[in-house]
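**Student:** Let me begin by handing over the structure; questions about it come next.
The values are calculated or read from the model by the stated rules, or taken from the named source; none is laboratory data. Being a predicted model, the structure only gives us computed values, none of them experimental. In this analysis, Cβ positions are derived from the backbone assuming ideal geometry, glycine residues included, and neighbour counts consider all displayed protein chains. Note: areas computed on protein heavy atoms with side chains; ligands, DNA, RNA excluded. Shrake-Rupley method; radii C 1.70, N 1.55, O 1.52, S 1.80 Å.
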Amino acid sequence: MTKLAAFAFAAAMAVLPAAQATVIYDFSYTFQANPAHVTGSFSGERSGDLITNISGISVSIDGVALQGGLAAYGFAPGQGWVQGGAVASMDGWANNFLFVDPDEMGTADPDNRFYIVTNIPMAEAYMQVSALNQYLYDRPYFGWDWTLVERQQQDGTPVPQNPLPEPGSLALLGIGVAGAFAAQRRRSRRAR
């Protein structure tokens, strides 16, 4: 029974995901109402489709970078923009972020900002760059104009391409381990 337990433990450890690593992501969004192309990057931790703990943000519009050290905020209904609550999603349908100079956050109308929010009644994307006299707005926002790709881990090493196991695979492993335990238990009872 001890060998079987050791095998089951080793098999379970082999399929469990490794600890989350901070990864650098490149993103792009094309506004439809007033065509303009926003690109940039940020660091974050991925869990399934969602990226959280966003930092190290850079944003450009048609090749012109937003100035200032950008911070990430997330929109919470009833509370407004909350620092640290930003979420980006691989497919864009769960985006909830504001990238803005934190020094401007206390002002009524920050000069340089980019946000996409999908957790409100009508999802929207907005970009304001005062220096370029550009104010871009897509409402409703449609996620198909959003792309997000993993570039590299924070330390510069390539992102491992081992996908997380599907829930069905984990369920099959669990059923197999349970069956192995049951078979071993029956054999040990018969041997008595």
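**Student:** I'd like the accessible area for Met90, computed on protein heavy atoms only with a 1.4 Å probe and all protein chains in place. Round to 10 Å², please.
**Tutor:** 40 Å²
**Student:** I need the chymotrypsin sites (Phe, Trp or Tyr not before Pro) found in the range 84-154, filtered to DSSP loop residues with at most 16 other beta carbons within 10 Å of theirs.
**Tutor:** Taking the range 84-154 and a limit of 16 other Cβ atoms within 10 Å, the loop chymotrypsin sites (Phe, Trp or Tyr not before Pro) found are Trp93, Phe142.
**Student:** Give me the number: length gained by fully extending Ala183 to Asp49, i.e. 0.36 nm times residue separation minus the C-alpha to C-alpha distance, one decimal in nm.
**Tutor:** Computed gain between Ala183 and Asp49 is 44.4 nm.
**Student:** Right, something else. How many Å³ per residue does the convex hull of the Cα positions in the range 19-142 occupy? Don't skip to the end; give the middle numbers.
**Tutor:** Working: hull volume 12.8 nm³, N = 124.
Spelled out: Cα convex hull of the range 19-142, divided by residues, is 103 Å³.
**Student:** Could you work out how much longer the chain between Ser58 and Asn133 gets when fully extended? Use 0.36 nm per residue separation minus the Cα distance between them, nm to one decimal.
**Tutor:** 25.1 nm
**Student:** On alpha carbon coordinates alone, what is the Rg over Rh value for the range 82-152, Rh being the Kirkwood radius?
**Tutor:** For the range 82-152, the value is 0.97.
**Student:** Would you kindly derive the ³J(HN,Hα) couplings of the range 43-51 from the backbone phi angles with the Karplus curve 6.51 cos²θ - 1.76 cosθ + 1.60 (θ = phi - 60°), listing them in order in whole Hz, with x for Gly and Pro?
**Tutor:** 9, x, 10, 9, 9, x, 8, 9, 10
**Student:** Here is a further query. Per-residue HN-Hα couplings for the range 88-103, Karplus 6.51 cos²θ - 1.76 cosθ + 1.60 at θ = phi - 60°, whole Hz, x for Gly and Pro?
**Tutor:** Rounded to whole hertz, the list is 10, 10, 4, 8, x, 7, 10, 4, 8, 8, 10, 9, 8, 5, x, 5.
**Student:** How much of the accessible area of the range 52-111, probe 1.4 Å, is carbon plus sulfur, in whole percent?
**Tutor:** It is 50 percent, rounded to a whole number.
**Student:** Keeping every protein chain present and rolling a 1.4 Å probe, give me the accessible area per residue for the range 26-94 in Å².
**Tutor:** Ligands and nucleic acids excluded, the figure is 45 Å² per residue.
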